[in-house]
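Following: one structure in structure tokens, then a few remarks.
The values are calculated or read from the model by the stated rules, or taken from the named source; none is laboratory data. In this text, all values refer to a predicted model and were calculated from it rather than measured experimentally. Note that each Cβ is placed from the backbone with ideal geometry, even for glycine, and that neighbours are counted across all protein chains shown.
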Amino acid sequence: MEAPQVSFKEVALTKGLHKISVQYFQAGEAYELKLDWKQKGKERKVVDKSVLFH
């Protein structure tokens with residue numbers, strides 16, 4: 001099994017709602033997907049599901 005690949009993209013956001021799209025490919029039974037964010041001057045952290053909706 002291969003180790004998870006990590007990708008980063010820095011984007012400056014204004015206050016308000018923003019659409020995000022995550023595309024991934026799953027091969028086999030193992031899977032992992034994390035979405036982190038980092039606010040200026042703060043530590044990186046996992047995006048809490050309470051701020052996501054569809």
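Which one of these is in contact with a Leu (Cβ under 8 Å, 6 or more places away or on another chain) and modelled with pLDDT of 85 or more: Val46, Val22?
Val46
Among (1) more than 14 Å from the chain's Cα centre (by Cα); (2) at negative phi, where does Gly41 come up short?
Single failed check for Gly41: (2).
Among Val47, Val51, which is among the β-branched types (Val, Ile, Thr) and surrounded by 10 or more Cβ atoms within 10 Å (Cβ to Cβ)?
Answer to the check: Val47.
If Lys9 satisfies every condition in (1) at pLDDT 85 or above; (2) in a loop (DSSP other than H, G, I, E, B) but one, which is the exception?
If we test Lys9 against (1) at pLDDT 85 or above; (2) in a loop (DSSP other than H, G, I, E, B), just (1) comes out false.
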